[in-house]
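Scroll down for the structure; my scribbles are underneath it.
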Amino acid sequence: SSVLVTVNSTAAIEAMALDVPALVVSLPNNLSPLVDAGALAGAATHAEIGAALRALLYDKEFRDSLARGRTAFMDRHEIVSDGGAARPAADAIVKAASGRP
């Protein structure tokens, strides 16, 4: 994915581990500290969302700055990917589709 957009989801933290930039909308929320740290982009109002998305998609300098903030945040808080985050979600989807409790 090029960008993840979320209101208030830990998917933004998972995106960080995959080096995918994320935009958090409807600030403030629980992800505000990550936006404040420069690890995630943020938009507090509907009017800011378009500009933030354009920057994330087309402004290399902004994307690079956000990548540096993301890396610094992850290093500081020892966030690493174990490569297994998708397995529990896939298992839950298969289980739900099969009708098993």
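What follows is calculated from the coordinates using simple rules that are stated; it is not laboratory data. Keep in mind that what you see is a predicted model, and the values were worked out from it rather than measured. Note that each Cβ is placed from the backbone with ideal geometry, even for glycine, and that neighbours are counted across all protein chains shown.
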Using a Förster distance of 22 Å, the FRET efficiency for Ala51-Ala89 (Cβ separation, nearest 0.05) | 0.10
Taking amide H positions as placed 1.01 Å from N in the peptide plane, with prolines and chain starts having none, which residues 5 or more places from Gly42, or on another chain, fall under 5 Å of its amide H?
-> Val24
Scan the chain for GluC sites (Glu not before Pro) in coil per DSSP, keeping those whose Cβ has at most 14 other Cβ atoms within 10 Å, and list them by number.
-> Glu78
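Would you please calculate the Kirkwood hydrodynamic radius of the range 39-84 over all C-alpha pairs and express it in Å, rounded to one decimal? Display every interim value, and only then the final one.
Values: mean 1/r = 0.0841 Å⁻¹.
One decimal place: 11.9 Å for the Kirkwood radius.
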Between His77 and Ala97, Cβ-based FRET efficiency (R0 41 Å, step 0.05) works out to 0.70
Among (i) 20, 16, 12; (ii) 31, 24, 16; (iii) 27, 17, 13, the entry matching semi-axes √(5λ) of the Cα gyration tensor in Å as calculated here is (iii)
How long is the gain from Asp64 to Asn30 if the chain were fully straight, where each residue apart is worth 0.36 nm and the alpha carbon distance is subtracted?
-> 9.8 nm
